[in-house]
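S.K.: Mind looking over this structure? Questions follow.
Laboratory data are not the source of any read-out in this text; all were calculated from the coordinates shown. Not measured: the values here are computed from a predicted model. Counting neighbours? That spans all protein chains shown, and the Cβs are built from the backbone with ideal geometry, glycine included.
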Amino acid sequence: MKAHKYLFPFLLFIATFVSADTTITYSDYDSLFYDDRSISKSSADCCPFCKITLTDGQSLIGTIIEENDSIVGLRLLSGNSVKLPSNTIEKIQKFKGAQKSYSGKLWLPDPGRTGYFASPSAFMLEKGEFSLSQKELVATVVNYGITDWLSIDAGTFFPFLFAGGGFYYFAGFKVGTGFHEYINLASGMQVFGFADPYHTFYTLIPHLTATFGRADNHLSLSITNVFGATDEGFSSAEMRIFTISGQVRISKRIALITDNGVVGVFSHYWEPVWSLGVKFMGEHIS
């Protein structure tokens with residue numbers, strides 16, 4: 001999904017107008033509004049965002065600042081705070097990892113934050129979270145968070161399945177954690193392989209990655225070795241890859257991605273590679 005130098009400005013222009021934000025309305029609860037001077041904004045900001053659906057069908061989005069048997073206190077995206085009687089609430093849905101955009105609207109977590117087009121990031125999926133990614137219309141990848149610090153992935157190249165001659169696959173794992181609000185480190189192993197009734201070939205690709213920034217806007221540095229193996233034996237590292245990749249999220253559904261680096265083959269020469277493109281995302285799909 002590489003963008004031509006003339007195509008990218010056009011996509012950027014279109015993307016700025018595409019955002020599937022939902023306008024949330026609510027009834028008049030003026031008599032139940034808090035005095036904001038009595039509420040710590042810092043304590044409310046650290047809570048996960050949630051969506052409260054009322055019995056009359058309307059919805060509110062914000063962070064819960066008080067909850068008991070009779071009242072739920074909610075800080076709205078607008079900054080105002082409201083008390084909701086518990087008997088008016090039908091359900092509460094929490095959005096762990098969601099962020100408030102600069103425009104004051106809620107953006108759900110990027111399901112594809114674990115990587116770019118080819119290289120990984122150091123962000124992890126949360127325990128029980130899954131995502132489905134379609135990379136450059138060729139590779140289909142399923143990711144799953146076993147714990148907050150361990151995730152696995154697997155996939156295939158669907159177009160090649162119809163070409164015949166063998167089966168292409170890849171799978172891997174990643175271990176990582178955050179050391180600071182803006183610093184994450186991760187390491188993992190990826191296996192790419194091909195098999196048919198007569199031959200087997202696969203590559204082992206360990207990587208070490210550092211990511212700086214938050215899940216929506218970030219920069220990653222990664223170093224990778226590539227080891228090759230066939231049914232005749234295992235070879236030493238034949239390729240080293242250094243990458244610098246980044247993402248900027250420009251709307252609820254769209255992010256711009258760049259994936260660049262240098263590839264060293266047999267340590268004889270280094271070949272620069274670069275890519276630039278657009279990522280579209282849903283709740284679990286990117």
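S.K.: Each residue of the stretch 74-89 in turn: what ³J(HN,Hα) in whole Hz from Karplus with 6.51, -1.76, 1.60 and θ = phi - 60°, glycine and Pro shown as x?
M.R.: With the stated coefficients, the stretch 74-89 comes to 10, 8, 6, 4, 6, x, 6, 10, 9, 9, 10, x, 4, 6, 9, 9 Hz.
S.K.: Modelled label-to-label distance, I71 and L219, 7 Å Cα→beta-carbon offset: nm?
M.R.: 4.7 nm
S.K.: Another question, if that's okay. Select from the stretch 129-222 those GluC sites (Glu not before Pro) which occupy a DSSP coil region and have at most 12 other Cβ atoms within 10 Å, ordered by residue number.
M.R.: Loop-located and lightly packed - E136, E181.
S.K.: While we're on this one: Using 10 Å bins from zero, what percent of all Cα-Cα pairs in the stretch 115-227 falls into each bin?
M.R.: P(r) for the stretch 115-227, in whole percents per bin: 14, 42, 32, 11, 2.
S.K.: Skipping prolines and chain starts, which residues have an amide H placed within reach, meaning under 5 Å, of the one on A98, given they are 5 or more residues away or on another chain?
M.R.: F49
S.K.: Given a Förster distance of 25 angstrom, what is the FRET efficiency for V191 paired with V262, based on the Cβ-Cβ distance and rounded to 0.05?
M.R.: It comes to 0.60.
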